[in-house]
Amino acid sequence: MKTQRTKDLGKETVVAAAEAMKRASVPEADAIVGKRFPVLDKGFVVLVDYMGNDAAIVQAVRVSYGMGTQSMNDDAGLINYLMRHKHTSPFEMVEIKLLASMPMYVAREWVRHRTASINEYSARYSVVPDKFNIPELEEIGA
């Protein structure tokens, strides 16, 4: 099998390609990646990673609607419009990866109403620690 060699690319071409492939950065998300947020008495949530930003959402809208979005030049205004009118599919262009620990009854409800992929700690292959959420009496609804 013969391998084909590419011509040497100019420095500007390489720099432009690297810029185009640069990972989107959201300073607010970068500030909390890896930070543990306590939930209930024994649970927590950690932002592990994310992909995309407001620009990814706006780009999806402009591809989908073409010339129809030209009256909205402001990205924040366009995102607010989408939220206000419940046009949610462009928000699927952004993903987050969470590490979460929660009581089983919360997990069941979360999975039941989810639009996410879940990888769960396996009680079939691992020893499960004795962690129970026992709500206070005033937290229990009638």
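The values are calculated or read from the model by the stated rules, or taken from the named source; none is laboratory data. Note that the structure is a prediction, hence the values are computed from the model and not measured. Cβ: placed from backbone, ideal geometry, glycine included. Neighbour counts: every protein chain shown.
A few comments on the model shown:
- Test result for GLU109, at pLDDT 85 or above and assigned to a helix (DSSP H, G or I): no
- Condition check for SER64: small (Gly, Ala, Ser) and modelled with pLDDT of 65 or more: yes
- The residue pairs whose first member lies in segment 44-71 and is in the same structural domain as SER89 (by TED's automatic domain parsing), whose second member is among the basic types (Lys, Arg) and at pLDDT below 90, and whose beta carbons are closer than 7 Å, counting only pairs six or more residues apart or on different chains, are THR69/ARG62.
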